[in-house]
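*Asks:* Dumping the structure here so I can ask a few things about it.
The values are calculated or read from the model by the stated rules, or taken from the named source; none is laboratory data. Predicted model only: the values in this text are computed from it and were never measured. Cβ placement follows ideal geometry from the backbone for every residue including glycine, while neighbour counts extend to all protein chains displayed.
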Amino acid sequence: MTSPDLQPSADLPPSADVVIIGGGIVGAATAFFAARAGLRPLILEARPALCSLTTPASTGAFRAQFDNAEEMALVREGIALFEQFAEVAGLPGYSIDLHRQGYLWLTTRPDYVAHQQQQVAQQHGWGLTDVEWLTGEEARTRFPYLAPEVVGARYRAGDGWLDVRKLTMGYVQASRATVCLNTAVTGFVLAGGRVQGVVTARGTVATERVVIAAGPFAAQVAGWAGVTVPLAPVARQKLIMPDVPEVPPHAPMTIDEDSGAHWRPALQGAYLLRTVPGLPAGPPLSDVPTRTDLVFDLLDPASPYSVARISPFWRAVWARNTSGWSVQAGQYAYTPDHRPFLGATPVVGLYLNCGYSGHGIMASAGGSRLTVDALTGALAPAANPFRLDRPLATREFDVL
């Protein structure tokens, strides 16, 4: 079954129980949980379509393997929802094209094996007991496409990916939110330190509750209310190869922890990425430029970042040079500690759901539920580990 076509509102409503700024997957998930809390949500999207900027530039992947218990809990909550989305959303037969094919993290460095094992032990301690550590030989037995240089792997079969557009539109349909497209927010109506309305290019909506779910634009939007949000938008590139016969269709997300390069099956080929620490932040962009140097970094076997390092069949793909490719770009909105900002701001009634630092697809459900709980008072600020005013400790860069 597919959901009914979305019918955006031609008119801007004069008021709403809660206004959600941003129509990507995080804004859609916010509407879903707001509706479940009994609120009447309004989604305002500046572009002509929902799910058309950052969300579709992702690989749609999700994994419970995290380096901290709080984010792990958010994602595990989301995975539980993804598994039964049609039932929970009240959309019988609706598919988000869920693939539970796993995440496989690989290293060719003997000195890194102990770190992998420590991560697995830590995750077991947090209740994620189905994560495995594998020797290189054990990994090659299960995944014969791996290079002989691989000496260690951590793997969870329950991780995977889904169709981000289908999930976004499912959230929106289930929420029954009013959706206004081509409706750029330009400011807020504030009185006595409280939000009273949202100003748009089409008029003003009266409301006492606003959630900023504007991805890389979230800090800019919050600034219009005088709220400082430390976000750093960083461009990320996705290489799309729609037809690569060598790609094993049932392979997991396959990640070279040493280089940050990773790939997963997609279409009749693969999506490939490389996470690069230390890239400079820039302004939020409505049109993120693509860079073809990513292609050669990932595909040329002579590159130290080549996916052929851990999966040698990519050498044949490079040598044959007949598989077409394209590049798609988006922006991760990084926070200083790479954890999202969820919940209240100093302006009463103004809330954040942003800063996922590349984890917005997988954490959209848990993060949005938590944001709505903060908005309704079901979650006390002191109990919220993702509040804006938390101590921002330095955190080791996460490869994905």
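*Asks:* Of all residues in region 145-156, which are of a type in the set (Gly, Ala, Ser) and in contact with a strand residue (DSSP E or B) (Cβ under 8 Å, 6 or more places away or on another chain)?
*Replies:* Across region 145-156, the qualifying residues are 152, 153.
*Asks:* Also: I need the full set of residues from region 143-156 which are over 16 Å from residue 75 (Cβ atoms), crowded, with 16+ Cβ neighbours inside 10 Å and out of contact with any helix residue (DSSP H, G or I) (no Cβ under 7 Å at 6 or more places or on another chain), in order please.
*Replies:* Result: 143, 155.
*Asks:* Let me ask another. Confirm whether residue 93 is surrounded by fewer than 20 Cβ atoms within 10 Å (Cβ to Cβ) and at positive phi.
*Replies:* Numbers: surrounded by fewer than 20 Cβ atoms within 10 Å (Cβ to Cβ): yes; at positive phi: yes.
Answer is yes for this residue.
*Asks:* Considering only region 326-359, state which residues are closer than 21 Å to residue 372 by Cβ and part of a strand (DSSP E or B).
*Replies:* Once the filter is applied, which keeps residues that are closer than 21 Å to residue 372 by Cβ and part of a strand (DSSP E or B), region 326-359 yields 333, 341, 342, 343, 344, 348, 350, 351, 352, 353, 354.
*Asks:* Among the residues of region 153-166, is there at least one that is closer than 30 Å to residue 92 by Cα, touching a Cys at 6+ places or on another chain (Cβ under 9 Å) and part of a helix (DSSP H, G or I)?
*Replies:* Within region 153-166 (the criterion being closer than 30 Å to residue 92 by Cα, touching a Cys at 6+ places or on another chain (Cβ under 9 Å) and part of a helix (DSSP H, G or I)), the answer is yes, since at least one residue qualifies.
*Asks:* Which of the following residues is of a type in the set (S, T, N, Q) and under 22 Å from the mean Cα position of the chain (by Cα): 168, 204, 186, 135?
*Replies:* One residue alone meets the criteria, 168.
*Asks:* Sticking with this one: Restricting to strands (runs of 3 or more DSSP E) lying wholly in region 197-247: which have 2 or more residues that are free of Cβ contacts under 8 Å to residues at least 60 places away in the same chain and hydrophobic (A, V, I, L, M, F, W, C)?
*Replies:* Counting at least 2 such residues, we get no strands (runs of 3 or more DSSP E) at all.
*Asks:* Name the single residue that is nearest to the chain's Cα centre (by Cα) among those in region 171-183 being outside any strand (DSSP E or B) and crowded, with 16+ Cβ neighbours inside 10 Å.
*Replies:* Looking at the filtered set, the residue picked out is 171.
*Asks:* Pick from 92, 48, 56: which is modelled with pLDDT under 95 and not in a strand (DSSP E or B)?
*Replies:* Matching residue, one of 92, 48, 56: 56.
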